[in-house]
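Quick notes on the structure that follows.
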Amino acid sequence: QHADVTTPATPPLRDATVTLPEGVSLSPGTADGLKGCTDAQIDLHSTAANTCPDASKVGQVHIATPLLGSGPGDYLPDGPGGPRYQLNGGIYLRAPDPGATRADGLYGIFLDIEDAQTGIVVKLKGDVVPDERTGQLRAMFRDNPPLPFTDFLLEFKGGPRAALANPPACGAAQTTATFTAWGGPEATPSSTFTVDADGHGGLCPAVRPFAPTFTAGTLDPLAGGFSPFTMTIRRHDGDQELRNVQVDLPPGLLGVVKGVPRCGADDAAAGTCDPASRVGTTMVSAGAGDHPYSLPGKVYLSGRYKGEPLSLSIVVRAIAGPFDLGTVVVRAPIHVDAAHAKLTVPADDLPTILQGVPLRLKTINVTLDRPGFTFNATSCDPAGIAARLIGTGGAVAT
């Protein structure tokens, strides 16, 4: 707002749509301990204090308005020369409606300001819709009250459990916006920041690297003895995401399938196998930074798949904080080389995005721990387990 009495004032904001840069995405790590605030707890059309749980607060909101004078309690994020924010409050995650999807209200936020000194209460609801393929975020606030303001600041939490993750690629990252006034005019400003390799101007490599680590083996390496088998893959931040995994077992490392019920083809595809066919567990962690979100799952033995006599159905129920993102199933046919008593397991492609959230998988563990199932080779010669891992950029690690 300006103070020139000869020029019409800027009309108050009605609708605001902000599209974050491609690559800036919701971060799975924020879901650890996260809760949602219900519509009843925020009570949008009331001046009553919200009762949102502390675990639903994801940031702070600040408003500078010409309606109020400056005071000692004003928020000054940019130092003395910046705007003085007289109204301060919180950003809360909205609890999703049952059955909501990415496109119809799965993600949303509330802005809540309750100023005790002036009695001003501002409560706004925003919808956040990520792109189905890229996870690019678009936030929309509609029919905002005609409160004159000079600055409106949203600060989301940072750190390892931040709600947002930076783009994986270096370069200019542009945020665009469409603002519509109550009087009808529309503005389309934009803002750009630069993404680099280390936050201090470091250059990114021409091609994203791909150097995952792989460890596998039986927990009790007694020749010919039964033992659980475990395999773990880890990916570094900044590397290409994992797209495909193939594991090549040494001769003699096998499983006793007699007596293990096979999960039917339809149930194996849907992730609804009977517990009797369970042969192991899985644990996956997803998200950027050093605090990814971990989810457990189960591994079932199934029948013929993609021309092979046996297969695995690896099932993870993706419930992250207040969000139910559905059931993720990865099938893996088991190729049997009967002449050499050897198994090769080429899994189907891994998911890379779920309900608009890029997973950025960090760790994948599969453990086959059904009693009396996997057993070691009878030979005491050294044996190796090989993996062929493929990244989303096409890089291959062996």
Selection status of P371, out of contact with any Lys or Arg (no Cβ under 8 Å at 6 or more places or on another chain), within 26 Å of D131 (Cβ to Cβ), in contact (Cβ under 8 Å) with a residue 12 or more places away in the chain and in a loop (DSSP other than H, G, I, E, B)
no
Can you tell me which of A276, A332, A269 is touching a residue at least 40 places away in the same chain (Cβ under 8 Å), of a type outside the set (S, T, N, Q) and out of contact with any Gly (no Cβ under 6 Å at 6 or more places or on another chain)?
A269
Over the range 85-116, the set of residues open to solvent by 20 Å² or more (accessible area, probe 1.4 Å), at negative phi and outside any strand (DSSP E or B) is Q86, A95, P96, D97, P98, T101, R102, A103, D104, D115, A116
Out of the range 194-219, which residues are loosely packed, with under 12 Cβ neighbours inside 10 Å, without any contact (Cβ under 8 Å) to a residue 40 or more places away in the chain and either at negative phi or assigned to a strand (DSSP E or B) (or both)?
T194, D198, H200, G202, L203, P205, A206, L219
Expected single match for more than 30 Å from D198 (Cβ to Cβ) and open to solvent by 30 Å² or more (accessible area, probe 1.4 Å) among R331, R388 is R388
Could you tell me whether P21 is surrounded by fewer than 20 Cβ atoms within 10 Å (Cβ to Cβ) and either within 18 Å of the chain's Cα centre (by Cα) or in a loop (DSSP other than H, G, I, E, B) (or both)?
no
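Return the only residue of G264, G326, G303 being surrounded by fewer than 18 Cβ atoms within 10 Å (Cβ to Cβ), without any contact (Cβ under 8 Å) to a residue 60 or more places away in the chain and within 30 Å of N166 (Cα to Cα).
Of the residues listed, the single one that is surrounded by fewer than 18 Cβ atoms within 10 Å (Cβ to Cβ), without any contact (Cβ under 8 Å) to a residue 60 or more places away in the chain and within 30 Å of N166 (Cα to Cα) is G326.
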Looking for something farther than 22 Å from D78 by Cα, modelled with pLDDT of 95 or more, open to solvent by 50 Å² or more (accessible area, probe 1.4 Å) and not hydroxyl-bearing (S, T, Y) - is there at least one such residue anywhere in the range 148-157?
no
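The values are calculated or read from the model by the stated rules, or taken from the named source; none is laboratory data. It should be emphasised that the depicted structure is a prediction, and the values quoted were computed from it without experimental measurement. Reconstructed Cβ throughout: ideal geometry from the backbone, glycine too, with neighbour counts over all protein chains shown. What goes into the accessible areas is simple: the full protein's heavy atoms, side chains included, and nothing from ligands, DNA or RNA. Shrake-Rupley method; radii C 1.70, N 1.55, O 1.52, S 1.80 Å.
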